[in-house]
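Trainee: Below you'll find the structure I mean.
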Amino acid sequence: MAHVSLPSPASPNLRMRERRGSLSPREFAASVRRAAREIGEHVSCDARYVGRVESGEIRCPNYAYERVFRHMFPGTSLADLGFTARRESRRAAVLPAPRDEENDDVQRRTFLAGGPLAVVTALSWGPPAAAQESDTPLAVAAVSGAARTGGPSAAPPAVGFALPAPMAGAKVGAREVREVESAVRQIRILDDVHGADTLFERAGHTLRSTYQLLNCGTYTAAVEQRLQAWAGELAISVGWLAHDSGRLAEARSLYAEALATARMAGDAALEAHAFCNTAFLARDAGRPREAVRAAQAARSAAKGLGSARLLSLLALREAGGWALLRDRSACVRALGEARTAFESGVCEEDPEWMSFFNEAELAGLTAQCWAALGEFEPATDWARQAIALQPAHFVRNRALYTAELAHDQLGRGAVIEAAETGSTAVGLLAQVRSTRIRGMVSATAEQMRPLSAVPEVADFLEKYQLALAS
């Protein structure tokens with residue numbers, strides 16, 4: 001067994017204790033959360049966290065907490081607040097400690113499970129054959145068994161994305177950054193095929209490993225910039241898997257972590273991406289005003305990036321919020337801006353993560369807006385376009401928009417059509433593991449139960465029940 005160094009005993013952080021003053025730990029935690037909201041951060045500070053800060057157990061806060069503390073106490077540095085400087089903290093770091101070592105909002109999640117040595121990660125899934133076009137060694141080496149046999153039920157060959165356990169002061173260079181980059185790309189490819197539910201745990205371990213590289217390694221400023229950027233992208237990817245698998249609170253925290261990383265690094269592209277996903281999440285979580293504000297913040301961050309397609313997607317995110325607010329004029333205006341920007345075409349400045357955003361996605365998101373407005377005729381037309389235009393290898397999106405079409409057909413009173421489309425969606429669920437899509441089909445099934453005397457509806461409900469039992 002490899003030798004594992006133990007951290008030196010913690011010294012109390014008397015400076016933070018002085019900052020708390022006469023407030024109780026609970027009251028001070030509440031003030032931290034209020035300050036976070038003032039600057040658009042999201043931290044889950046509680047009395048326990050305050051106690052661990054003051055005891056010296058947390059020697060250096062994560063980026064989100066650092067921004068909040070600097071906002072609360074203007075003009076102070078980490079040292080002024082009794083913390084260890086981040087780079088010095090990295091040098092002193094050792095192998096990943098038990099889960100109560102640092103109250104980092106990413107590492108603290110229970111889905112990042114693992115003991116002191118659990119930093120080696122393995123994504124034991126292979127991407128589809130299309131991934132062979134990628135220039136990353138991992139993607140080239142991994143060909144999905146699902147793609148070869150026609151479904152994800154076939155066990156893919158074991159392929160790996162593994163980061164070495166970072167020792168204190170270990171040098172991190174271009175190779176490690178490429179491994180993180182490769183992991184992000186693999187997660188995106190596999191999500192298109194399998195959906196989020198089967199990937200979330202493995203991707204979470206990958207994220208933990210990446211943050212251990214940031215915290216334990218030593219690197220040049222250039223490597224740090226790239227590693228931060230890809231760590232942020234990885235946090236967003238894992239956040240999306242959490243979102244699609246129904247873990248909305250965890251998704252929100254992961255997007256907040258990515259946003260904090262983006263702002264600390266001054267990375268406008270990463271900031272736009274984090275706000276984009278935050279807007280989508282807020283819409284799905286029933287917080288439409290937050291969705292609008294996040295989308296507008298994303299559009300502001302993206303203005304100088306030179307990508308019309310990115311601006312198109314962000315306008316659609318804003319339109320989705322306006323639709324839930326039933327502000328038809330604002331929604332239609334945003335949809336028009338999205339279409340105009342989309343028609344400007346692709347360019348070299350388009351972010352790599354936007355590979356999913358095509359004519360089919362534009363149609364599908366437009367369908368969702370019209371459905372949220374309660375106008376199911378145009379929603380049905382757009383949903384049909386989304387299915388017709390969807391590339392064959394985007395199995396997850398075909399399932400998504402087939403479920404959307406069934407919902408929209410039912411909304412306009414086309415019961416038989418909705419039942420038949422719902423049956424098609426149920427068939428696609430066998431290939432995709434997405435809690436979000438299953439929830440959409442489930443909602444349609446519940447609405448149809450009173451109509452079970454209709455033969456097509458009865459057939460759909462029977463298929464749905466069989467799918468649940470399998």
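The values are calculated or read from the model by the stated rules, or taken from the named source; none is laboratory data. Because the structure is a prediction, the values reported are computed rather than measured. With ideal geometry, Cβ positions are generated from the backbone for all residues, glycine too; neighbour counts draw on all protein chains shown.
Trainee: Of everything in the range 374-407, what is among the small types (G, A, S), over 21 Å from the mean Cα position of the chain (by Cα) and surrounded by 19 or more Cβ atoms within 10 Å (Cβ to Cβ)? Give them in sequence order. Before the answer, list the steps.
Mentor: From the range 374-407, those among the small types (G, A, S) are 374, 379, 383, 386, 388, 392, 399, 403, 406; that's our starting set.
Filter once more, so that each one left must be over 21 Å from the mean Cα position of the chain (by Cα): 374, 379, 383, 386, 388, 392, 403, 406.
The answer is A379, A383, A386, A403, A406.
Trainee: Same structure again: Tell me the residue from G413, G422, G439, G427 that is of a type in the set (G, A, S) and at positive phi, please. Show your work before the answer.
Mentor: Working: G422 fails: at positive phi; G439 fails: at positive phi; G427 fails: at positive phi.
Step by step, each of G413, G422, G439, G427 is checked, and only G413 is of a type in the set (G, A, S) and at positive phi.
Trainee: Determine, yes or no, whether A330 is in a helix (DSSP H, G or I), at pLDDT 95 or above and surrounded by 18 or more Cβ atoms within 10 Å (Cβ to Cβ).
Mentor: Values: in a helix (DSSP H, G or I): yes; at pLDDT 95 or above: yes; surrounded by 18 or more Cβ atoms within 10 Å (Cβ to Cβ): no.
So A330 fails the test.
Trainee: A further question follows. Restricting to the range 11-56, name every residue that is crowded, with 16+ Cβ neighbours inside 10 Å and at positive phi.
Mentor: Correct list: G40, G56.
Each row is one residue, and each column tells you yes or no for (1) β-branched (V, I, T); (2) assigned by TED's automatic domain parsing to the domain that holds N397; (3) touching a residue at least 24 places away in the same chain (Cβ under 8 Å).
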position	(1), (2), (3)
S423	no, yes, yes
L428	no, yes, yes
T435	yes, yes, yes
R438	no, yes, no
Q447	no, yes, yes
P450	no, yes, no
E456	no, yes, yes
D459	no, yes, yes
A469	no, yes, no
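Trainee: Any idea which residue in the range 276-289 is modelled with the highest pLDDT, counting only those that are of a type in the set (D, E, K, R) and out of contact with any Gly (no Cβ under 8 Å at 6 or more places or on another chain)?
Mentor: Top of the filtered list is R287.
Trainee: So, in the range 354-368, exactly how many residues are of a type outside the set (D, E) and either surrounded by fewer than 20 Cβ atoms within 10 Å (Cβ to Cβ) or part of a loop (DSSP other than H, G, I, E, B) (or both)? It would help to see each step written out before you state the result.
Mentor: Of all residues in the range 354-368, those of a type outside the set (D, E) come to 354-358, 360, 362-368.
With the extra rule that they be either surrounded by fewer than 20 Cβ atoms within 10 Å (Cβ to Cβ) or part of a loop (DSSP other than H, G, I, E, B) (or both), the set shrinks to 354-358.
Of the residues in the range 354-368, 5 are of a type outside the set (D, E) and either surrounded by fewer than 20 Cβ atoms within 10 Å (Cβ to Cβ) or part of a loop (DSSP other than H, G, I, E, B) (or both).
Trainee: Among the candidates A196, A235, which residue alone is at pLDDT below 75 and either buried (at least 21 other Cβ atoms within 10 Å of the Cβ) or within 19 Å of A274 (Cα to Cα) (or both)?
Mentor: Details: A235 fails: at pLDDT below 75.
Selected residue: A196, the only one of A196, A235 that is at pLDDT below 75 and either buried (at least 21 other Cβ atoms within 10 Å of the Cβ) or within 19 Å of A274 (Cα to Cα) (or both).
Trainee: Right, another one. Quick check on this structure: which one of R263, R317, R293 is out of contact with any helix residue (DSSP H, G or I) (no Cβ under 6 Å at 6 or more places or on another chain), at pLDDT 95 or above and not assigned by TED's automatic domain parsing to the domain that holds G40? Give the derivation first.
Mentor: Working: R263 fails: at pLDDT 95 or above; R317 fails: out of contact with any helix residue (DSSP H, G or I) (no Cβ under 6 Å at 6 or more places or on another chain).
When all the criteria are applied, what remains is R293.
Trainee: So which helices (runs of 4 or more DSSP H) stay within the range 14-110 end to end and still have 3 or more residues that are modelled with pLDDT under 85? Reasoning before the result, please.
Mentor: On the way: elements: 14-20, 25-38, 47-55, 63-72, 86-92.
Answer list for the range 14-110: 25-38, 47-55, 63-72, 86-92.
Trainee: Further question on the same structure: When you look at E404, is it over 29 Å from A242 (Cα atoms) and assigned to a helix (DSSP H, G or I), yes or no? Before you say what the answer is, go through the steps one by one.
Mentor: Values: over 29 Å from A242 (Cα atoms): no; assigned to a helix (DSSP H, G or I): yes.
Criteria not met by E404.
Trainee: Now for a different question. Pick out the one residue from A229, A282 that is in contact (Cβ under 8 Å) with a residue 12 or more places away in the chain, surrounded by fewer than 24 Cβ atoms within 10 Å (Cβ to Cβ) and in contact with a helix residue (DSSP H, G or I) (Cβ under 8 Å, 6 or more places away or on another chain). Please lay out each step first, then the result.
Mentor: Values: A282 fails: surrounded by fewer than 24 Cβ atoms within 10 Å (Cβ to Cβ).
Step by step, each of A229, A282 is checked, and only A229 is in contact (Cβ under 8 Å) with a residue 12 or more places away in the chain, surrounded by fewer than 24 Cβ atoms within 10 Å (Cβ to Cβ) and in contact with a helix residue (DSSP H, G or I) (Cβ under 8 Å, 6 or more places away or on another chain).
Trainee: If you don't mind, another one. Scan the range 203-232 for residues that are at pLDDT 85 or above and of a type in the set (K, R) and jot them down.
Mentor: The one that is at pLDDT 85 or above and of a type in the set (K, R): R226.
Trainee: Does the range 454-466 contain at least one residue that is crowded, with 19+ Cβ neighbours inside 10 Å and not in a helix (DSSP H, G or I)?
Mentor: no
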